[in-house]
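Q: The following block contains the structure, expressed as structure tokens.
The values are calculated or read from the model by the stated rules, or taken from the named source; none is laboratory data. Note that the coordinates shown come from a computational prediction; the quantities given were computed from them, not determined experimentally. Cβ placement follows ideal geometry from the backbone for every residue including glycine, while neighbour counts extend to all protein chains displayed.
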Amino acid sequence: EMEGLDLTLNKYSTHYPALVKEVLLSESSEGLSGRCASIANGWCWLISGSQIFVWKLVEGNRSAATSAYQMSLQRSGLPFTQDNVVIYSRGANVPPGLIVVSGEGTLRRWAPLGDTHLDTVIDIASEVVLSVQIDGTYYAGSLFVLLTTTSGSMFRIDLQEKNRELTVTSTGSIVSRGLKSRISTMLWGTPSTQANSTNSRILRIIVMNRPQEEVNEDDEEANTILLAVSTTMISLYSPFDKALLWTVPFQQLTLSLLPSKLRGANIRVGESNQLWCLDVIPLRQGALFLFGVGTMTGGVELGLAYLDLRNNISTSPAAFNSIFMLNNRPTVSIFRSFDESSFVGRVHLLMAGTTMRSKTMVHTDGVSVLHHKCIQTVFLPDSFHEKSVLRFSKINELHSNDTILGYASCSDYSFLIRAKAGIETIRVLPIGFDQESEESLKEIEDVLEEREGEPQFIAMFKKSLWYFVSKRMALAAETLNELLKIDNEHMDLPTTIHMYLQGMIDSTCSSSGISSDLRNKKLIYQRLILYLKNMNLFEQILVSDKTVIPPFMDSIEVWKMSACLQEVSERLDVALTLSTFTHPMEVRLLEEAAEYGSKNYGASEGGLHNAFLSKVSAMHILFPSLISSLRSHLTNHSCEYRIDALSATSRIMMAMSTAIQRNRASHTSISVPTTADQWTHGKIAQTYLDLAAAILSEMEKEGGGLSETSRMRLKEWLTLAIVFGLNEQRDRAENNSLLRRIYDMGEPQLALEMAERFKDFRLLMVITKSMEDDERRGLLDGYKRRFVDDNFELYMCNYYLKNNMMDNLLEQRGEKVEAFMEEHDSAAHSLITVAARETNTLWEQKMYASLAFLSAVCADESAEKNRLDKVKKCADETLILIGHQERIPLETISVMYPDQRVRTSPLTLDQLIGVNVFEFEDPNDRADGLFRALLMLGDLLSREKSRDVRNELKERISEIWKRTFDTAFYQIQSAEEANRTLFVAILTKLQDTDELGSETKISILPSSSLLKSSASDVCTNVVEQRVETTRMILVE
């Protein structure tokens, strides 16, 4: 269920102290295998022979500089393990205390570490110590430690340091022989059954708090309970009452759920139905058990069982709430049901304290099952019932050439301690979450720190992102939830991310040079994408209708968030590529481009570093600046120098385009809709075509002394520049001038290949026109099949018709050709088709549309009335739009479309509206533009009969009126104030104009509902009265 996550062993402390490292190198792996090391309270220890080494746990490389305490252990005939050791806090800024208990019950204490030890012999009646652990509760300022034996005896040790002698109290110790025998038999079976089985000893006793529903608020000590398990039994004990609350056979609790789970896991249970409880840890309001079940093949399958202790304190439970089979193949292959020593005591449960207390395992590290061969981590469901299933499961096999020294479950992480690998945390992280250096993390932390005056939602977002980058997933999710609760009209997540990225790519992210700075920025960006995916926000942001102003380009268009996110990644990759150039000519051109950009486009001064590499938001300026810089190197210089300049510029430009294309082709790229604008469209794409034009000019020079080698090199750069430039153009190439120049220059094959690639159908027709008939027909037949979705066949017929190549047209065959011939038997239809195709020149489209309208009017209507009506309607609408475009001053159009070719081309309805509603600084220009938009829409509305189209036009008209609701409009309190507003200025223009009929003018007046939804009651009343006055004047 949890996609995109992976189980990883994350390096925490990479080096051991020198003293510990020496021990690890001198001891054999067998001498240190097993459970001889652990971690608690920020300290780590290792037991080697009769010595224990304790050192401060330090993250990262700094661990090599730490020193270790070395202390001698008491004599014992039994081995020491991590269960024999407790390290406890003695207060802030002071070394901790250490307790080690031998298997026979001799306790040695150092308080503090390195001080003289104190030995205390505890009478455990010849039993064997199972474990010593802090019971988790302070009573009257004292910290207590619980000592347990394998026979079930329990002792509490008071760690007050004011007395040198420790106070040891029996808590449920089995003193009476009769009682001991009776309880022991009840707990762990009869002596006969205990003889040769692990059933005879306790595996684990854990200290727990009572469930919240059963907490005793009057006596904190009464809230502690102990849960004891052997391989076959589970018991609950109250140390406060010194009472055994209940004992239940483990197998009894599995009877209702295990058979169905085994069937679901395709496990064949052995005849004896062997079942072993292997470990237990507290979880939420209950406990999680690890168990094994024997199979028909003699193996052992592992599983987890959850028991909710709510309502199960005073009365024994009837069954587990949920059971989950783990299907852990590496362990199955080595466990043998007839040899309990192969798995009992060799498989352990690990879970961080934060996960134990969390209501969900999402954004945590889950629960791990550790064996010396592998680690398996799973996510349990949020609630436990019979049909609950695991949400995540992943197994990592461990290298056999490294020795596991120990493990630990601490507050934040579960740790694995190995001889060679060092100390690692067991983490569940998003796939792609590589290990960062300490230096990078520190620099990123500085970048993500809250800045003075920073908006609250930006600061919280950075805080959540930093928690994620530093791999504290639960805190990241918690902070994000707080962020999403902020009630701020200016805050939504896409806007927040957009604002953050704007600042991040221009901030300083490293003090170690520009390359490190850019890598850190890229790392932050990559972590941001992982963050959005891991927090289940990525798809939500990409599919939302939210649009934002482009973060860096000088455009008034709005972009989808997907394009903005992808743009940041591409800009950073381009910057990283630029930082690698060292060739003198390339460096010179880049520095000149930086200087040109600062003088002409507003880039920062100070060369390439300041202008573009540290200010990545200005990267789009580099492209035209570089071309402008190149031009100065192409005049008054030798051919060889010009070629060097062109080649150096081409290498830079192609390196940047390659970085962009590689980014888009990577598996981490963000899918941007084909209809969305991207930063490389338009001006940047044009720079590549400008480079191609410069290369072509050099290749076209007669007597320029261009060698064949140089020509081939320039031809390669030319091809790459055109390919990238045209790929980034939104519209399909149509008789492209560069491709035509290539053809005219004597490179017909290259021109043909490029025309095919970019579907320049007009150039294909021009090139094929000069071919022999058989070759031409073969190519055109191939294009009909290849470009069937692009209607090449109809384009070809239109081309022949327009160029009066009737012989070529008449030789065509097929259903599409027949339909074309029938459709174009009317001159009117032919003319309107030509008008519709004419998108380059305004006056030509106007001419064809006018002729089409006249032809339709003069035609015989009885023959094709419906078709002629469609022609007249289409021609009329085209002429209306042309007429309104001609009313707009060219300087106004050039604000949005600075390209001369676009200004003189026919604009669509949306484009015309966009030009007219531009936020001009001059209020008169703004009023004129909005009024032109109303006139155009009113003109179209007066001629439209379709109800759906009329409704759409009216919605557009309402949007125009909304743009007149400026600050002055919302402050209207009287008719005098209303007369000074943009709204009334437009209303007056509409009232006085003679270009629309009264009925049309009335139909486009703002509705009462629009006014009421947009202004206060006072404002609405004044404005409605003014609109009504206008309506009455128009009616008269």
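Q: Any residue that is at pLDDT 85 or above, over 27 Å from the mean Cα position of the chain (by Cα) and either closer than 30 Å to residue 243 by Cα or not in a loop (DSSP other than H, G, I, E, B) (or both) - is there at least one of those in region 328-337?
A: yes
Q: Take residue 337 and decide whether it is crowded, with 21+ Cβ neighbours inside 10 Å, farther than 22 Å from residue 410 by Cα and touching a strand residue (DSSP E or B) at 6+ places or on another chain (Cβ under 6 Å). Break it down into steps so the answer makes sense when it comes.
A: Details: crowded, with 21+ Cβ neighbours inside 10 Å: yes; farther than 22 Å from residue 410 by Cα: yes; touching a strand residue (DSSP E or B) at 6+ places or on another chain (Cβ under 6 Å): yes.
Yes; evaluated as a whole, the condition is true for this residue.
Q: Among the listed residues 137, 169, 120, identify the single one that is in a strand (DSSP E or B), touching a strand residue (DSSP E or B) at 6+ places or on another chain (Cβ under 8 Å) and at pLDDT 85 or above.
A: Of 137, 169, 120, the one residue that is in a strand (DSSP E or B), touching a strand residue (DSSP E or B) at 6+ places or on another chain (Cβ under 8 Å) and at pLDDT 85 or above is 120.
Q: Next question. Just to be sure I understand, how many residues within region 733-770 are part of a helix (DSSP H, G or I), of a type in the set (D, E, K, R) and within 18 Å of residue 717 (Cα to Cα)? Give the steps one after another, and end with the answer.
A: Residues of region 733-770 part of a helix (DSSP H, G or I): 737-744, 748-757, 761-769.
Filter again for of a type in the set (D, E, K, R), leaving 740-741, 744, 753, 756-757, 762, 769.
Subsequent filtering for residues that are within 18 Å of residue 717 (Cα to Cα) retains 740-741, 753, 757.
Total satisfying the criteria: 4.
Q: Working only within region 91-106, note down all residues that are part of a loop (DSSP other than H, G, I, E, B) and either among the polar types (S, T, N, Q) or crowded, with 17+ Cβ neighbours inside 10 Å (or both).
A: Correct list: 93, 95, 96, 102, 103, 104, 105.
Q: Provide a single number: the residues in region 280-323 that are at positive phi and either at pLDDT 90 or above or of a type in the set (D, E, K, R) (or both).
A: Residues meeting the conditions: 1.
Q: Within the set of pairs 6+ apart or on separate chains, which have a first residue in region 576-602 that is in the same structural domain as residue 656 (by TED's automatic domain parsing) and assigned to a helix (DSSP H, G or I), a second that is modelled with pLDDT of 90 or more and among the aromatic types (Phe, Trp, Tyr), and C-beta atoms under 7 Å apart?
A: The qualifying pairs are 587/581; 590/581.
Q: Please enumerate the residues belonging to region 72-90 that are outside any loop (DSSP other than H, G, I, E, B) and either in contact with a Lys or Arg (Cβ under 9 Å, 6 or more places away or on another chain) or among the hydroxyl-bearing types (Ser, Thr, Tyr) (or both).
A: Of everything in region 72-90, those that are outside any loop (DSSP other than H, G, I, E, B) and either in contact with a Lys or Arg (Cβ under 9 Å, 6 or more places away or on another chain) or among the hydroxyl-bearing types (Ser, Thr, Tyr) (or both) turn out to be 72, 82, 83, 88.
Q: Residues 726, 634, 626: which one is crowded, with 18+ Cβ neighbours inside 10 Å, over 28 Å from residue 525 (Cβ atoms), in the same structural domain as residue 596 (by TED's automatic domain parsing) and not acidic (Asp, Glu)?
A: 726
Q: With among the aliphatic types (A, V, I, L, M) and within 20 Å of residue 34 (Cα to Cα) as the only criterion, which of 147, 107, 113, 130 stands out?
A: Going through 147, 107, 113, 130 in turn, just one is among the aliphatic types (A, V, I, L, M) and within 20 Å of residue 34 (Cα to Cα): 130.
Q: Could you say whether any residue in region 694-716 is surrounded by 14 or more Cβ atoms within 10 Å (Cβ to Cβ) and under 18 Å from residue 577 (Cα atoms)?
A: No, that holds for no residue.
Q: Still on this structure: Could you list, in sequence order, all residues of region 342-393 that are touching a Pro at 6+ places or on another chain (Cβ under 8 Å), within 27 Å of residue 231 (Cβ to Cβ) and charged (D, E, K, R)?
A: Within region 342-393, 373 is the sole residue that qualifies.
Q: Would you tally the residues in region 502-521 being among the basic types (Lys, Arg) and surrounded by fewer than 18 Cβ atoms within 10 Å (Cβ to Cβ)?
A: 0
Q: Mind listing just one residue for me: the one in region 492-531 that is outside any helix (DSSP H, G or I) and either of a type outside the set (S, T, N, Q) or touching a strand residue (DSSP E or B) at 6+ places or on another chain (Cβ under 6 Å) (or both) and, of those, nearest to residue 480 (Cα to Cα)?
A: Within region 492-531, the match that is nearest to residue 480 (Cα to Cα) is 492.
Q: If you don't mind, there's one more thing I want to ask. Do we have residue 358 as among the hydroxyl-bearing types (Ser, Thr, Tyr), assigned by TED's automatic domain parsing to the domain that holds residue 229, modelled with pLDDT under 90 and under 30 Å from residue 237 (Cβ atoms) here?
A: Against the criterion (among the hydroxyl-bearing types (Ser, Thr, Tyr), assigned by TED's automatic domain parsing to the domain that holds residue 229, modelled with pLDDT under 90 and under 30 Å from residue 237 (Cβ atoms)), residue 358 qualifies.
Q: Can you confirm whether residue 671 is at negative phi, part of a helix (DSSP H, G or I) and either assigned by TED's automatic domain parsing to the domain that holds residue 721 or surrounded by fewer than 18 Cβ atoms within 10 Å (Cβ to Cβ) (or both)?
A: No, not satisfied.
Q: Let me ask another. Among the residues of region 946-989, which ones are in a loop (DSSP other than H, G, I, E, B) and within 43 Å of the chain's Cα centre (by Cα)?
A: 963, 964, 965, 966
Q: Still on this model: Working carefully through the options 587, 616, find the one that is within 30 Å of residue 528 (Cα to Cα) and of a type outside the set (D, E, K, R).
A: Among 587, 616, only 616 is within 30 Å of residue 528 (Cα to Cα) and of a type outside the set (D, E, K, R).
Q: Sort out which residues of region 702-739 are at positive phi and touching a helix residue (DSSP H, G or I) at 6+ places or on another chain (Cβ under 8 Å), and write them in order of number.
A: Let us first name the residues in region 702-739 that are at positive phi, namely 703, 705, 735.
Residues satisfying the conditions are 705, 735.
Q: Then there's this: Checking residue 1005 against (1) under 48 Å from the mean Cα position of the chain (by Cα); (2) hydrophobic (A, V, I, L, M, F, W, C); (3) crowded, with 20+ Cβ neighbours inside 10 Å; (4) modelled with pLDDT of 85 or more: exactly one of these is not met. Which one?
A: All conditions are met except number (3).
Q: Take region 968-990 and flag every residue that is within 22 Å of residue 925 (Cα to Cα) and among the β-branched types (Val, Ile, Thr).
A: Residues satisfying the conditions are 981, 984, 986, 988.
Q: Report yes if residue 491 is at pLDDT below 90, surrounded by 17 or more Cβ atoms within 10 Å (Cβ to Cβ) and over 28 Å from residue 575 (Cα atoms), otherwise no.
A: Yes.
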